[in-house]
Amino acid sequence: PDPVGDRVGEVARRLGVTPEHLARLVRRATGRTVKALLRERRLEHACRLLRASDLPVGVIGARVGYPDPYHFSRVFARHAGIPPTAYRRASAQPVGR
C-alpha cells in the first residue's frame, strides 16, 4: 500500500505501536510531529505528480489525501510558496529561461 494518504493511527497500527509511542519516537528522532512528516510526504508526492503528469490539480490533491481542491491549493501554497498551477508552470519551463 502507498502510505502517502495515511493517517497517524494507520501508520502506527502498521508499525505495531500506539499512535502516542509513534509520536514520541518521531519527535525524538526528527523534532517534528508525525502529522507534519505525513503532510510533507503527501505534498512532495503532489510535487512529483505536478511535474510528471497532466492530471488536473484537483485529481492530484485527491490522490494525495486532499479531496477538497481549494484546501489542497491552500496547503500546497503554504508548502511550496506558490499555488499548484504556478508550480506546474514553473516546473515545465526549460532551465535558463
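The values are calculated or read from the model by the stated rules, or taken from the named source; none is laboratory data. Here the structure is a predicted model, which means the values were calculated and not measured. Note that we place each Cβ from the backbone using ideal geometry, even for glycine, and neighbour counts take in every protein chain shown.
Regarding segment 8-27, can at least one residue be identified that is among the small types (Gly, Ala, Ser), surrounded by fewer than 17 Cβ atoms within 10 Å (Cβ to Cβ), modelled with pLDDT of 95 or more and not in a loop (DSSP other than H, G, I, E, B)?
From segment 8-27, those among the small types (Gly, Ala, Ser) are 9, 12, 16, 23; that's our starting set.
Next, from what is left, pick out any that are surrounded by fewer than 17 Cβ atoms within 10 Å (Cβ to Cβ): 9, 16, 23.
Narrowing further to those that are modelled with pLDDT of 95 or more: 16.
Of the ones still in play, those that are also not in a loop (DSSP other than H, G, I, E, B) are none.
Checked against the condition, which is being among the small types (Gly, Ala, Ser), surrounded by fewer than 17 Cβ atoms within 10 Å (Cβ to Cβ), modelled with pLDDT of 95 or more and not in a loop (DSSP other than H, G, I, E, B), segment 8-27 yields no hits at all.
For Glu40, state whether it is at pLDDT below 95, under 15 Å from the mean Cα position of the chain (by Cα), of a type in the set (Asp, Glu) and assigned to a helix (DSSP H, G or I).
Yes.
Among the conditions (1) outside any helix (DSSP H, G or I); (2) exposed (fewer than 12 other Cβ atoms within 10 Å of the Cβ), Tyr66 misses just one, which is (2).
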